[in-house]
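Please read the structure below before turning to the comments.
The values are calculated or read from the model by the stated rules, or taken from the named source; none is laboratory data. Bear in mind the structure is a predicted one, so any value in this text is a computation, not a measurement. Glycine gets a Cβ as well: all are built from the backbone with ideal geometry, and neighbour counts include every protein chain shown. Accessible surface is based on the protein model in full, side chains and every heavy atom, while ligands, DNA and RNA are left aside. Shrake-Rupley method; radii C 1.70, N 1.55, O 1.52, S 1.80 Å.
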Amino acid sequence: MKKLALASGILLHLYCIKAQDTIQIKTQDTIRSRNLMEDIVLVNSTGCVFQQKIQFFKKEWVKKSVAPALLFTAAAATWGEKENIREVRNRYLPNFKVKFDDYLQYAPAATVYGLKLAGVKGRNNIGRATLSYGTSLVIMAILVNSIKYTAKVERPDGSKNNSFPSGHAAMAFTNASFLHKEYGMVNPAYSIAGYGSAAITGLGRNLNNRHWVPDILAGAGIGIISTELGYFFIDKIYKNKGDNLSILSRIQGNDYPSFLTLKMGTALGTTNFLRESELDDKKQVGFEGGLEGAYFFAKKWGVGADVTFSSFPIKSQRITFDDGQDFGNHEIKTQSMGFLAAGIGPYFSHEFSDKWLLTLKLTGGYAATASGKVFVKGDDVDAPNHELQIARYKPKPAFRWNTGAAMTYKFNPGLGLTFYTDYNQINSTIRYHFSDEIKESAELDQELNNLIAKEKINYITVGLRLTAYF
């Protein structure tokens, strides 16, 4: 019996080795062969090979769900601020009506079919690509419409109760993911163009006052995950992940950390923005959002640029006499300050590992500051909202310099989550124009209507970026 058991063990061991050799011979063109030490580590007590445990963040489903999860989280985080964000839009662009978002949402999908008809090879041939795309659209439509007519959220323009989530954003990001799936491996520029056009579509829905910001973020997440699911099911049917995958997998990038990113953060004033004007006595806290990107011509050095919008609410101040006595129940209310800034300059990158990347920058450019109004507010003021406008302010465009550092965790070679902090400095010149009531007083008109204040506007931004590498 012992001899029989020993013989069985030897035969089983030889069978496992033979099976491994057979698999290696048949698949040597597609599967990387292991070395001797790796084989020894993987052999169990019976002599058979078992698979190594895959780290959590390297699992395929985790990598594919990162972007949608971040977008859904951002939608939840901005839900309570959606009306405040809408007020910013109403102040700076109240009459914006440009319907580019109705057409731009389809541009990535049109690009896919244009490239395929032109003979440019993508991940799949046109038939299979259409099947994957159609499945993605069905999933997206079911998710969007089932939530829309269950949540019944009113649109910001009050037209209907089907605002959440944004169907345009979902369609745009479904199409962008379609372009990324088919041609992202051919050239990352296709992915960046697709997702860039989808982001502009989402921005258009907000600027046209058709959707709240959370609607757009949630729609984007649904669009991405719908495409992932569409390709998942069709790949299961075809038993592989692409008609032309073996050809496209040979394409190599230059391994430089060029990137494009969407960013959002909290902006913290380090100076009183209206100190010389005596309209604030506290440092301001606001928010920032924008786009940033850089092209690296070497492993360490590149040139980049950013376009950002930041807004700071100005806290009201009680009116007092010079001797400190209170001027009744009145206060000065100043509209928030908004900055649209753009800059360009050198970028430096250092890779700690294949997962962690440090980026430093120094940029210079211009900042345009929005005009605003100044009110006196009090219970006995006979005016709408008990507010009387006494002045308006108009800052001149000014030079802005910006420096910052960012640390990125890369979920995969093409996508990362970045924690960033920036320091911004703007020396702004603000001119005040006072109301007709003040102009009626020659003394006040001469003293106030030519008032010019030079303000130092310095602030630090701390936030997160969703970073795509190419």
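A few notes on this one:
- Answer from 394, 299, 373 - the residue that is open to solvent by 70 Å² or more (accessible area, probe 1.4 Å) and in a loop (DSSP other than H, G, I, E, B): 299
- Just one residue in the set 359, 266, 320, 308 is open to solvent by 40 Å² or more (accessible area, probe 1.4 Å), among the polar types (S, T, N, Q) and at pLDDT 90 or above; that residue is 266.
- When residues in the stretch 83-122 are screened for being under 23 Å from residue 157 (Cβ atoms) and either at pLDDT below 85 or of a type outside the set (Ser, Thr, Tyr) (or both), 22 of them pass.
- Filter result for the condition that a residue is under 17 Å from residue 311 (Cα atoms), part of a strand (DSSP E or B) and touching a residue at least 12 places away in the same chain (Cβ under 8 Å), over 421, 429: 421
- The residues in the stretch 111-133 that are in a helix (DSSP H, G or I) and free of Cβ contacts under 8 Å to residues at least 12 places away in the same chain can be counted, and the count is 4.
- The stretch 397-418 - residue that is open to solvent by less than 60 Å² (accessible area, probe 1.4 Å) and of a type in the set (Phe, Trp, Tyr) and, of those, nearest to residue 307 (Cα to Cα): 409
- Under the condition of being at pLDDT 85 or above and aliphatic (A, V, I, L, M), the residues counted in the stretch 52-76 number 6.
- Selection status of residue 106, aromatic (Phe, Trp, Tyr) and within 24 Å of the chain's Cα centre (by Cα): yes
- Looking only at residues in the stretch 333-356 that are open to solvent by 30 Å² or more (accessible area, probe 1.4 Å) and aliphatic (A, V, I, L, M), the one that is farthest from residue 385 (Cα to Cα) is 344.
- Test: residue 385 is at pLDDT below 85, open to solvent by less than 70 Å² (accessible area, probe 1.4 Å) and polar (S, T, N, Q): no
- Residue list for the stretch 388-403, filter: among the charged types (D, E, K, R) and modelled with pLDDT of 95 or more: 400
- Evaluation of residue 148 against the conditions (1) without any contact (Cβ under 8 Å) to a residue 40 or more places away in the chain; (2) over 30 Å from residue 126 (Cα atoms); (3) open to solvent by 30 Å² or more (accessible area, probe 1.4 Å) shows that the sole unmet condition is (3).
- Residues of the stretch 447-470 classified as at pLDDT 85 or above and of a type outside the set (S, T, N, Q), total: 12
- Within the stretch 170-261, helices (runs of 4 or more DSSP H) holding 3 or more residues that are over 17 Å from residue 65 (Cα atoms) and either in contact with a Gly (Cβ under 8 Å, 6 or more places away or on another chain) or of a type in the set (S, T, N, Q) (or both): 188-207
- Residue match in the stretch 196-212 (condition: of a type in the set (A, V, I, L, M), closer than 25 Å to residue 152 by Cβ, surrounded by fewer than 24 Cβ atoms within 10 Å (Cβ to Cβ) and under 13 Å from the mean Cα position of the chain (by Cα)): yes
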